[in-house]
1. Which condition number in (1) away from every other protein chain (no Cβ under 12 Å); (2) touching a residue at least 40 places away in the same chain (Cβ under 8 Å); (3) open to solvent by 20 Å² or more (accessible area, probe 1.4 Å) is the one that B:N418 fails?
2. Out of the residues in the stretch A:39-61 that are outside any strand (DSSP E or B) and within 26 Å of A:L145 (Cα to Cα), which is nearest to the other protein chains (Cβ to nearest Cβ)?
3. So how many residues does the stretch B:303-339 have that are at pLDDT below 95 and among the polar types (S, T, N, Q)?
4. Which of the residues belonging to the stretch A:183-225 are at positive phi and more than 19 Å from the chain's Cα centre (by Cα)?
5. Mind telling me which of the residues A:E16, A:E81 ends up being over 29 Å from B:L401 (Cβ atoms) and either open to solvent by 10 Å² or more (accessible area, probe 1.4 Å) or in contact with an Asp or Glu (Cβ under 9 Å, 6 or more places away or on another chain) (or both)?
6. What number of residues within the stretch A:332-343 are assigned to a loop (DSSP other than H, G, I, E, B) and either at the interface with chain B (Cβ under 9 Å from one of its Cβ atoms) or open to solvent by 30 Å² or more (accessible area, probe 1.4 Å) (or both)?
7. Here is a list: B:A103, B:A64, B:A98. Which entry is away from chain A (no Cβ under 14 Å), at pLDDT 95 or above and crowded, with 20+ Cβ neighbours inside 10 Å?
8. Would you check if there is a residue in the stretch A:294-304 being under 27 Å from A:I381 (Cα atoms) and in contact with a strand residue (DSSP E or B) (Cβ under 7 Å, 6 or more places away or on another chain)?
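The values are calculated or read from the model by the stated rules, or taken from the named source; none is laboratory data. If you're wondering where the values come from, they're calculated on a predicted model, not measured in any experiment. In this analysis, Cβ positions are derived from the backbone assuming ideal geometry, glycine residues included, and neighbour counts consider all displayed protein chains. These accessible areas exclude ligands, DNA and RNA; they are computed on the full protein's heavy atoms, side chains included. Shrake-Rupley method; radii C 1.70, N 1.55, O 1.52, S 1.80 Å.
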Number of protein chains: 2
Amino acid sequence: MIKILKGHIIHTPTKERFEVHADSYIVVEDEQVVGIYKILPDQYNDQSIIDYGSSIIIPSFIDAHLHAPQYMQMGVGLDLELMDWLNQYTFMLEGRFADVNYAKKVYPHYVDALYEYGTLRSCIFGTIHDEANRYLVHAMKEKGLSGYVGKVNMDRNAPVSLVQTAERSLKETENFIRDFKDDSMVKPIVTPRFAPSCTDELLDGLGRLSVTYHVPVQSHLAENKAEVAWVKTLFPESASYTDVYVKHQLYGPEKTLMAHSIYLDSVEMELAKSAYIYMVHCPNSNMNLSSGIMPVTQFLDEGITVGLGSDIGAGHTLAMQQTITSAIQCSKIRHVLSPKERILSEPEAFHMATKVNGSFFESFGLIGSFETGYQFDALVIKDPSPIMDTLKPVEQLQRFLYCGWTESIQVRYLNGKNI
Amino acid sequence: MIKILKGHIIHTPTKERFEVHADSYIVVEDEQVVGIYKILPDQYNDQSIIDYGSSIIIPSFIDAHLHAPQYMQMGVGLDLELMDWLNQYTFMLEGRFADVNYAKKVYPHYVDALYEYGTLRSCIFGTIHDEANRYLVHAMKEKGLSGYVGKVNMDRNAPVSLVQTAERSLKETENFIRDFKDDSMVKPIVTPRFAPSCTDELLDGLGRLSVTYHVPVQSHLAENKAEVAWVKTLFPESASYTDVYVKHQLYGPEKTLMAHSIYLDSVEMELAKSAYIYMVHCPNSNMNLSSGIMPVTQFLDEGITVGLGSDIGAGHTLAMQQTITSAIQCSKIRHVLSPKERILSEPEAFHMATKVNGSFFESFGLIGSFETGYQFDALVIKDPSPIMDTLKPVEQLQRFLYCGWTESIQVRYLNGKNI
């Protein structure tokens, strides 16, 4: 089954630059990209062409870190810092997902929003609640979206209604993994909330599940100075925050997402260079909770893999284009205050939200680019020129990144299908 | 003519806190607020009530700094710094407004957008072109919006197509002032682009026009380090960038808006404390062009009046709610990097975008608050609770500030009229 789309095709096979194919054809066979052509090869002469005119066609967005239940609290209480915000808002809200009917009321809005914003794959924290998490997987699949969904694990340092025994937490996690690990659209991910909410027993069990079932891991790391100090008192035998996860096989050998990772010492920076470790930059969240700002270009230049996350609800928008521009803005502030730090370029930030985040989705295929063999996941973005001036394709992309909204997205493709 | 509106009424008479009147009535007589009441006084018993239910009612937004022609370039070329961005994008675009037909094509989109975003009053830079500026005034009035519009003055250091002789620039400015100074909706403002684009002769003439006609002034100040250094070489006899304006009566005695004002020395900081001087913080612009970040809470705590501006097109959004949250985010970054600087609070930032910016509109009446005697300029913001959880009124406002969009605005009032 061949599909041929025409438009201005833009992607980032490398982070150095936007690869722009103006007025070109992209050929998709079944789910995957065959190639991009300025002149269509003869063999496709009889095929019909879906012509998107002067619209741009870009890889669809991938969000490497967000909390589904927090969709309901976005934008509220952001005058607080992390621990107060968790205690006054987040934990209370998450407790409500004990009732699956609450999940059934709100998760459809959340998956609709992911779809509207063009975030067609994402790495999601659910809650501790098995029924609600299963409903979330169902809602994602109904909407045709792909992702990793994690049952959140906590067995201490949270309200009573949000902690489980390590035994129950592990049992439910294992069942959840078994039931979804072979799903083609939504797969499980091992999700200790963060070190302070887990005992060694729980962390140990989660590490074993990850290794046993070859399931990736997501958690939080070094988001806030007070949190780092707290981890030191909770795990006095660990050399660092990172070391807590390392000890329990939750920092490799499986692919691992570590959200935030702002306050790392030099040993942790070295550990972060492992091929299976992704640091997830969440600029809006980090600004909103006054957590700090990852020195993202320094991380990149040292060879650390850095993905990008909206981190709603501490982040206040699901829009990955706004997360991209916030990441650039943050790096510009770091640059003006400390000129030796360089600015994150537009192609680099776009590359993070597409090909880097996409590479975490290995078990779904090649994701996040339009190179040959990649799953064809794409957004068609309306050309704003009719009421504006004529823009070059890369300027159209710039305008979308800075000013685009859900209505800017004309069509969404996932695995080669218009969804 | 009495109007009575009911809803959750929120405003900031002082910057310290949101004044919240849940489920209350605001009484408007002709154009102005009479009072806010929890229980409606008997004298109004026969009046009909416009009931906005659980929506919040807030003062409409005022933008203290933006460039109308740059609406067409929003989001494009923000990988450049100020001078390159001006030369490669802005000046080229502004040149096109020599043709009033271009203005007629694009300015209607601009004023529509102001309306959609709830920015019902604004302080606008036009271009040097008399016909285009007059059309802009016309378009604003047609849409029912209020503002100051400035004919931009430049007689050096810009492309040939954008400089005029000082004589012509002054003549056109004087005619523009005469024709609109008594208008009730859109008034003129003296607008030297910035010191580097004006000779002493031009600056001197503009200062005289401001004083003669009692017209306020808007310009740019100390946006970027390279610009500050350039001003020093262009005006070697001036003690500082500020001093260039002071010398020419363009820094008082009339009310004066100085956009950016990031790099001020200690003498300039003292001068900034004058009652007629407004420093305009433009956080998105300053981040996007890597200009720097105003230490806004330090300015406030020293008693400097600080307004807020979108500064499109260097800012990438007209949305004042997004400008408010960006200002807060910037102050949080400054705080985490330099903990002695305090964070800008939500009420403070909202106060800047309403009552502080509003106080610049003295010649239009009392603007930017719901205190007795203020012009009733308001936005009714839809309650997001039906699909979300039940939010307190101040949480509804928080959600609007962080996540709101044009569709969140249900109704717009200006001078007591639903527009």
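1. Going through (1) away from every other protein chain (no Cβ under 12 Å); (2) touching a residue at least 40 places away in the same chain (Cβ under 8 Å); (3) open to solvent by 20 Å² or more (accessible area, probe 1.4 Å) one by one, B:N418 breaks only (2).
2. Here is the first cut: in the stretch A:39-61, the ones outside any strand (DSSP E or B) are A:39-49, A:60.
Still in the list and also within 26 Å of A:L145 (Cα to Cα): A:49, A:60.
Values: A:I49: 29, A:S60: 20 Å.
My answer is A:S60.
3. Residues meeting the conditions: 1.
4. A:H214
5. From the options A:E16, A:E81, the qualifying one is A:E16.
6. Initially, the stretch A:332-343 is screened for residues assigned to a loop (DSSP other than H, G, I, E, B), giving A:338-343.
Narrowing the set further to residues that are either at the interface with chain B (Cβ under 9 Å from one of its Cβ atoms) or open to solvent by 30 Å² or more (accessible area, probe 1.4 Å) (or both) leaves A:338-340, A:342-343.
Number of matching residues: 5.
7. B:A64
8. Taking every residue of the stretch A:294-304 in turn, none turns out to be under 27 Å from A:I381 (Cα atoms) and in contact with a strand residue (DSSP E or B) (Cβ under 7 Å, 6 or more places away or on another chain).
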